[in-house]
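One structure below.
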Amino acid sequence: MFSLKHSVSVCLVLAYAYSVPTPAADAAAGAEKAAMCVGCHGPNGKSSNPQWPNLAAQQPDYMAAQLKAFKSGARKNPMMQSMAANLSDQDIENLAAYFAAQPAAKAGGDTALAKTGAEKAGTCLHCHGAQGQGITQIPRLAGQHPGYLEAQLKHFKEGSRQGGPMQGMASALSDDDIKALSAYFGSL
């Protein structure tokens, strides 16, 4: 049995532990760490390769959550899992702050297909923001490479990528819908 004195001590230790502020994200420190990201995600998070996502202007909460998911193995990608494995939580917050502060990219895409996608995007915009800019832990889609978005929507549809309501949302999309929506968000 614990004594009253011991219980008070435990409470004081726990109160202190939960009251210690976590360090704020440091975008400058994130810029230094981002050197390892440039090979795939491009300078300032603007990837020139359509198979890798643009990180510029991405929601910091979303980016941090994804890096933590790669680190823990909850999100599968051998390359990203190895890149995230040695990142501290502070490194992750710093990287997220750095990339969030970069000017947004515009990936482009088929303009005719983007018009069709604009007509279908209403459901997506409810969660991803009126301009596809993302909201907290919901990612920015605007300016993302259409090829990357298409691949991710297909992964959600087939179940190889998990993520909240996205399996249900993607399962209702045809391949033509996926292409059109990807072109639309890439054009923003």
With +1 assigned to the C-beta of every Lys and Arg and -1 to the C-beta of every Asp and Glu, and no other charges, what is the dipole magnitude of region 43-154 about the Cα centre in debye, to the nearest 20? 220
Return the sequence-ordered ³J(HN,Hα) values of region 126-136 in whole Hz as given by the Karplus equation 6.51 cos²θ - 1.76 cosθ + 1.60 applied to θ = phi - 60°, using x for Gly and Pro. 4, 9, 8, x, 4, 10, x, 7, x, 9, 6
Distant-in-sequence amide H partners of residue 143 (H built 1.01 Å from N, under 5 Å): 107, 186, 187, 188
Contact order normalised by residue count of region 17-80, Cα under 8 Å, 6+ apart, percent: 14
What's the center-to-center distance, using Cα atoms, between region 27-93 and region 162-176 in Å? 24
Dipole of the chain, Cα-centred, from +1 at each Lys and Arg C-beta and -1 at each Asp and Glu C-beta, to the nearest 20 debye? 200
Filtered pair list for the chain (Lys only, Cα < 17 Å, 8 or more apart or interchain) has a length of 15
Which of 139, 116, 129 sits closest to the plus end of the dipole of the chain, meaning its Cα is farthest towards the positive end, when Lys and Arg get +1 and Asp and Glu get -1 on the C-beta? 139
Rank 25, 173, 73 by how far each Cα sits towards the positive end of the charge dipole of the chain (+1 on Lys, Arg Cβ; -1 on Asp, Glu Cβ) and give me just the farthest. 73
Of all the stretches in the chain, which is the longest one without any exposed loop site, taking trypsin sites (Lys or Arg not before Pro) in a DSSP loop (any state but H, G, I, E, B) with at most 15 other Cβ atoms within 10 Å? 107-188
Over the chain, relative contact order from alpha-carbon pairs under 8 Å, at least 6 apart, %: 24
Leaving out ligands, DNA and RNA, what percent of the accessible area of the chain is carbon and sulfur, probe 1.4 Å? 60
Among 31, 96, 57, determine the one that fluctuates most according to a GNM of the chain built with springs between C-alpha atoms less than 10 Å apart. 31
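The values are calculated or read from the model by the stated rules, or taken from the named source; none is laboratory data. Please read these numbers as outputs of a predicted model, since none were measured by experiment. Positions of Cβ are generated from backbone atoms using ideal geometry, with glycine treated the same way; all protein chains shown enter the neighbour counts. Heavy atoms of the whole protein, side chains included, go into the accessibility calculation; ligands, DNA and RNA do not. Shrake-Rupley method; radii C 1.70, N 1.55, O 1.52, S 1.80 Å.
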